1. Looking at the square roots a ≥ b ≥ c of the eigenvalues of the Cα gyration tensor of the range B:60-173, which shape do they give, rounded for a/c under 1.5, prolate if a/b is larger than b/c, or oblate?
2. With an 8 Å Cα cut-off and a minimum separation of 6 or more residues, compute the relative contact order for chain B in percent.
3. As a footprinting exposure proxy, order B:Ser19, A:Ser325, A:Ser248 by other Cβ within 10 Å, with the fewest listed first.
4. A:Ser27 versus A:Ala73, label points 7 Å from Cα toward the beta carbon: distance in nm?
5. Normalising by the residue count of the range A:157-258, find the relative contact order in percent from Cα pairs under 8 Å and 6+ residues apart.
6. Averaged across C:25-32, how many Cβ atoms of other chains sit within 10 Å of each residue's Cβ atom?
7. For B:Thr43 and C:Asp14, what is the calculated FRET efficiency with R₀ set at 25 Å and r taken between the beta-carbons, to the nearest 0.05?
8. What's the Kirkwood radius of the range A:86-232 in Å, using all Cα pairs?
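What follows is calculated from the coordinates using simple rules that are stated; it is not laboratory data. Since this is a predicted model, take the numbers as computed values, not measurements. Positions of Cβ are backbone-derived with ideal geometry, glycine not excepted, and every protein chain shown enters the neighbour counts.
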Amino acid sequence: MTMTAAPLSDLAACRLPRLLPQPRDPSYAAHWEQLGPLPAPGRGLIDEVLASGLRGRGGARFPTGRKMAAVAAGRGPAVLVANGTEGEPLSAKDRALLVGNPHLVLDGIAAAAAAVGADRILLAVERARPDTVVAVRQALAERPPGPVIELLQTPSRYVAGQETALVRWIDGGDAKPVFGSRPFLRGVGGRPTLVDNVETLAHIGLIARFGADWFRLLGTDDEPGSALVTVSGAVRHRGVYEIPVGYSVGALLDHVEAAPAQALLIGGYFGAWIPGDDLTGVHLSSAGLAAAGASPGSGVIVAIPEDACALAEVATVAEWYASHSAGQCGPCVFGLADIARAVRGVLAGDPDGETAARRWTAMVRGRGACHFPDGAATFVDSALDTLVAEVADHRHGRCRRRIGGYLPSPAPGSWR
Amino acid sequence: MLATTLLQSKVLWYVMRASGLVALVLLTLTMVAGIVNVRRFATPRWPRAVIALLHRNVSLLAVVFLGVHVVTAILDTYVSVGWLAAIVPLTSHWDRFWVGLGTLSVDVMFALIITSLLRSRLSHRTWRAVHWLAYASWPLAMAHGLGAGTDTGAVWAEAVYALSALAVVGAVGWRLRQPTGRTLPTARRPTLATGARS
Amino acid sequence: MNQFRLVLDPVACDGHGLCAELFPEGIELDDWGFPIIAGPIVAGPTSAGGIPDSLLVHARRAVSACPALALRMARAEAPIA
């Protein structure tokens, strides 16, 4: 765990921390002193990333090497988009990286761009995060001459971080998803486009130096490497942590001194709820969470304590989902609004609320141009599966828990 | 021989007038179906698909009658219209202005039908923009009928024109009162209890 | 034998519902009036099913009737877009 500072000179040998060593000087000088130059760029990096088994850290967990290979095989020069938008409300890992270790991200960007033959590089950060923007600008100014990296400031919209929406916005349109679009074939300006999360690119910055075998020293065979998680809720030490993939959720909660949890939200608003009591066998990997009906997603973990009303939090996020729809697809526009209405019904003790909610979550899955409605469906379904006792309490009007406000509902921004 | 020529001429003349009026009635039907379909008019007896297909098929039938109307008008020797007047407005030898309106109406209809047949190859916006011209085509046809038509003045003809105008104006009036945009009327929102649409 | 399936563009779709009227065997409307391309005979990208030959004409009519041009036919093995 990263609470203990690792000797910086030992990075090649030591296992953690990799991405966020403490204490940290984000300057280029310190970065150079610690890691030295990035090896000469080349196409061999794609094979190395494939061998490393690195999976995207933006939430989808798609094998990064395969994506890079697909873009490299595309027609004409490619485009690289580094996705640092971090629309997931409780996630802080991407900005922790961009502020705390920007040059590692920039190294990864340069290496990936060279590997896929990209002659245009864009780094997207939400404009509502001025501290991150300033830090990135500072880091870009410090870089020695090399490929130009354009910093773009995106609107505060959850779906703006979705690949096709980001590409559309970059090309001058609304930050709304495009049906049937595959950016790795035709993306920005019609060119093959590699869209990668900034944490994924940071890992590439290290794989380029230390190789696939080194990357595999941590994590599991199917999902190797380390990952950043953001822990919040009723825990003593909230924040961003770097863990080996497959780390025990229970051990992580002990480490951050979490209060006994009624339920955990794994993967953020796009994730799923799991019960907080018995965490044996629950590990932070796709395989380790599948049995519990969840997946790591963007690495957000929220602990809701026993004395807080988790259903109220669920209702807040159900409303958030309804108000953040891109408004392009009927089942999403109307379905998410009605799902929120049904969850409010459950909160109010309406006996029909749960049946209606489940009917409508089933009805919206797979019906949109993107997976936003699926996110709402999984969030609500898993809540109803996990918070059985709470739902019963509300039905009988006997919930005495307090409103904790652990899950915020940021207001939507513009589409441009 | 003079008798047969006169007779032939009279038949063409009557067919020309009749087919014109029939075409106008069919066009009115087409307009009404199109206008109400946009605002999703439907009854159990007249579902959306029926109204939409009616709109398409009646418009094609109208074209058939229009074709007869134009050809007989040109062939008939009682008045001189000329082939060019079928396509280019204001080139008829007889009643230049009122016949010209009819020609213009047909030209617009041509554009409507061609763009609709090629709909899948055009952008929706383009197709829609051209289709709005229907609101020009129909009044032009009405004006042509009233101005160039030689049955104007007869009571039954006046009734046809009046009912046609009433139908289209009524449809437009109905349409203007319907809500626009992606709204779901409160009555249609599913309730928690039933889950199904009312 | 070529298998066909229906593909719906959910952004273009405006819930007119003509498709469900013309091809009820393969299309039903959800609680908000939008089509669900459902059942074993019309398929999503992972299903192996296709539209039975006897119903193809109805599926084509549904495609042709859509005012928003949101529906199209595709080969069952082809990617979704």
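1. Oblate.
2. On the way: 196 pairs, mean separation 43.0, N = 198.
Value for chain B: 22 percent.
3. Ranked by crowding around the Cβ, least crowded first: A:Ser248, B:Ser19, A:Ser325.
4. Roughly 4.6 nm, to one decimal.
5. 14 percent
6. 6
7. Details: r = 20 Å, r/R0 = 0.81.
The formula returns an efficiency of 0.80 here.
8. Across the range A:86-232, the inverse of the average 1/r is 16.2 Å.
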